[in-house]
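Report on the structure given below.
Since every read-out is calculated from the coordinates, none of them should be taken as a lab result. These figures come from a predicted structure and were not determined experimentally. As a convention, Cβ positions derive from the backbone with ideal geometry for all residues, glycine included, and neighbour counts pool all protein chains shown.
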Amino acid sequence: MKKLIFVLIIIFLPQITFSQSAFLETGENGIMTGIIYSLNKDAKSPGFFLSFSSYGIFDFGLGISKIYFEEDEGEDENLNATSFTPYFTSHIIKPQENIPIGLAIGFSYSSENYSSDLLEEYNLEMKSNAFGIGGMLYNLFEISNEIVVIPNLGVSFFDGSFKISGIEDSISEDFDETIFSFSLDFGVKHEHNMISLLSIGIGISEEITTYSLSIGFVGIFENQIKK
C-alpha cells in the first residue's frame, strides 16, 4: 500500500507546477489543453488536461491520467489505474516591476479506480482519493518579445485514503504526504493570440522523486483589463 501512496504524487505534480495564468496578463482569459507525462521508480503516467483561465488570475482545470505500475516479483501483475483530477489555482500576487515575485495557491482532488488480473479474478474493487493544497513562488523572465521563462518553487500537502472492497471486510488505509517541487516553464507567443507552453518539473517527497513533462497550448480569447 505504501508504494501506491507514493505513486499518487505522479497525479499531483503537474497540477502544482504548471499554471497557465502565470503566462497571461491580468484581465486576459484563455483556454489551455495539453498532454502530461510523469514518472518515478514505481510507475509512469501519461495524461491529458484541459483548463480555463479567468482574468489571468484564476485557473480551473481537469486532468485525466492513466497510471501504469512497475511490476515487482510477487506483486499483482498488470496493475493500473485511471485518475480524474479537478484543480483550482489562484494567483494572489502576479510579478510586476515593483513586485518581481509571484505567489499562487492551488487546490486539487483526485479519484482513482484500479484494475488488474488479480482484482478481476477475485472480483475486488480498489479505489483511492485525495485532497491537495499547495503554494508556489515564481518569477517571469521575458527573453524576447515572444519567449517567456518562468521558474517556480512550491510545496504541497495532500491526504487521502485507499479502499479495497468486495471481500467480507473492506480494507482501507489513510495517508498523507508533503511534496517539494520545482519546475521550469517555457512559453512562446504566436500570432492569433496563441501561446505554446512547455514545463519540466520535479517533485521530491520523503522517499521518492517524481519527474514530469507537460506540453500545452493556450488560446487567449478576451482581454478585459489592460495594465
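Quick rundown of the values:
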{"quantity": "Sorted by Cβ neighbour density within 10 Å, fewest at the top, the residues M136, M194, M126", "calculated": "M194, M126, M136"}
{"quantity": "Stretch gain in nm, segment E168-E125, where the contour uses 0.36 nm per residue and the Cα spacing is subtracted", "calculated": "14.2 nm"}
{"quantity": "Other-chain or far-sequence residues with amide H under 5 Å of I57's (modelled H)", "calculated": "G27"}
{"quantity": "Integer Hz, Karplus 6.51/-1.76/1.60 couplings in order for region 101-106, x for Gly and Pro", "calculated": "9, x, 10, 10, 10, x"}
{"quantity": "Additional length obtainable on full extension of the chain from F182 to E142, 0.36 nm per residue less Cα span", "calculated": "12.5 nm"}
{"quantity": "Fluctuation leader among E146, E97, E125 - the chain, Gaussian network, Cα springs under 10 angstrom", "calculated": "E97"}
{"quantity": "Note, ³J(HN,Hα) from phi for region 29-42, Karplus 6.51, -1.76, 1.60, rounded to Hz, x at Gly and Pro", "calculated": "10, x, 10, 10, 9, x, 10, 10, 9, 10, 7, 9, 5, 9"}
{"quantity": "Dmax and Rg, reported as Rg then Dmax, of region 149-203 (C-alpha, Å)", "calculated": "19.6, 61"}
{"quantity": "³J(HN,Hα), Karplus 6.51/-1.76/1.60, whole Hz, each residue of region 197-208, x for Gly, Pro", "calculated": "10, 9, 10, 10, x, 9, x, 10, 10, 4, 10, 8"}
